[in-house]
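Structure first, then comments.
The values are calculated or read from the model by the stated rules, or taken from the named source; none is laboratory data. Since the model is a prediction, treat every value here as computed from it, not as a measurement. Using ideal geometry, Cβ is built from the backbone for each residue, glycine included, and neighbour counts are taken over all protein chains shown.
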Amino acid sequence: MNKPTHSQRKLSLLQLTLLPSLVAVLVLALHSLPESAWIRLNFQRDFIYAGELWRLVTANFIHSNIWHLWLNLAGFGVLWLLHHIHFTAWRYTSLLLAASLLSSIMILFLAPELNHYVGLSGSLHAMVILGALYDIRAKMLTGWLLLLLTVAKVGYEQWQGPDPELAQLIEANVAIDAHLYGAISGLLIFVVLQLWYFTQQKRQV
């Protein structure tokens, strides 16, 4: 195997850092908006039913405070570093948006007690499940570890309830149902992608 050149290593570093950087810029820009704009982007059930459907996506990219924001950005960066081998930056971004939309739709219809919601954590739970399943498909044992840890975390939250210390840090209730439906969304997206892949393979035979 040929040793990679210096330019190839630079390009690889750019690819690794560009997507998290762009997401960070977007999230920080949204966080700097005045409250009058911010409240038009969060998840509010009544307004969504009234037709403000963009909230299903935009709510995932605004945060209750700076700690909430940086925790989610750190999580996104780690997941991208772990799973970038399976995805292009464009595809990963598309899947993140799909996960945001699907998890919000599930919250809308399956968690009627959750009227207000902000943050990327639901989508991140989708991406960690999706990435772990791609690891498993690639016969990487770390995928099983990541999948089991995430399922155990989500199950523990559903059993014990949200972490009060985390709620105090982010100055908001921890939406554990968002984590649950995010994880389910990741599984559903994986299944759909695999069905599409096998359908394409069958057509080529």
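Would you confirm whether any residue within the stretch 152-169 is modelled with pLDDT of 90 or more, among the charged types (D, E, K, R) and out of contact with any Pro (no Cβ under 9 Å at 6 or more places or on another chain)? The answer is yes; a qualifying residue exists. Please verify whether Ser32 is of a type in the set (Gly, Ala, Ser) and more than 18 Å from the chain's Cα centre (by Cα), treating the condition exactly as stated. Taking the combined requirement at face value, the residue satisfies it. Which of the residues spanning the stretch 93-121 are within 14 Å of the chain's Cα centre (by Cα) and polar (S, T, N, Q)? Thr93, Ser94, Ser100, Ser103, Ser104, Ser121 - these are the residues of the stretch 93-121 that are within 14 Å of the chain's Cα centre (by Cα) and polar (S, T, N, Q).
Only one of these is out of contact with any Asp or Glu (no Cβ under 9 Å at 6 or more places or on another chain), over 21 Å from Asn60 (Cα atoms) and at pLDDT 80 or above: Gln204, Gln200. Name it. Just one listed residue meets the conditions, Gln200.
Quick check, is Leu16 over 12 Å from His116 (Cα atoms) and among the aliphatic types (A, V, I, L, M)? First the steps, then the outcome.
On the way: over 12 Å from His116 (Cα atoms): yes; among the aliphatic types (A, V, I, L, M): yes.
Judged against the criteria, Leu16 is a match.
On the stretch given as the stretch 97-116, residues that are touching a helix residue (DSSP H, G or I) at 6+ places or on another chain (Cβ under 6 Å) and closer than 25 Å to Trp67 by Cβ total 8. Selection over the stretch 86-95 of residues that are touching a residue at least 40 places away in the same chain (Cβ under 8 Å) and not aromatic (Phe, Trp, Tyr) gives a count of 4.
Looking for whichever is acidic (Asp, Glu), modelled with pLDDT under 95 and on the phi < 0 side of the Ramachandran plot here; the options are Glu52, Glu35. Which one fits?
Criteria check complete, one pass: Glu35.
Restricting the first member to the stretch 28-53 and to residues that are part of a helix (DSSP H, G or I), and the second to residues that are at pLDDT below 95 and surrounded by fewer than 16 Cβ atoms within 10 Å (Cβ to Cβ), the beta-carbon pairs closer than 7 Å and six or more apart or on different chains are Arg45/Asn115. Checking each residue in the stretch 79-106 for being buried (at least 18 other Cβ atoms within 10 Å of the Cβ) and closer than 11 Å to Ser185 by Cα picks out Leu95, Leu96, Ala98, Ala99, Ser100, Leu102, Ser103, Ser104, Met106.
Residues that are within 25 Å of Ala138 (Cβ to Cβ) and either modelled with pLDDT under 90 or in a helix (DSSP H, G or I) (or both) do occur in the stretch 67-74, at least one of them. Of all residues in the stretch 54-64, exactly one satisfies the criterion of being assigned to a loop (DSSP other than H, G, I, E, B) and out of contact with any helix residue (DSSP H, G or I) (no Cβ under 6 Å at 6 or more places or on another chain), namely Trp54. Does the stretch 111-120 contain any residue that is surrounded by 19 or more Cβ atoms within 10 Å (Cβ to Cβ), assigned to a helix (DSSP H, G or I) and at pLDDT below 95? No: the stretch 111-120 contains no residue that is surrounded by 19 or more Cβ atoms within 10 Å (Cβ to Cβ), assigned to a helix (DSSP H, G or I) and at pLDDT below 95. Of the residues screened, His83 is not one that is in a loop (DSSP other than H, G, I, E, B) and not β-branched (Val, Ile, Thr).
If only one of Arg45, Arg40, Arg9 is among the charged types (D, E, K, R), modelled with pLDDT under 85 and over 20 Å from the mean Cα position of the chain (by Cα), which one is it? Walk me through it before giving the result.
Numbers: Arg45 fails: modelled with pLDDT under 85; Arg40 fails: modelled with pLDDT under 85.
Going through Arg45, Arg40, Arg9 in turn, the sole match is Arg9.
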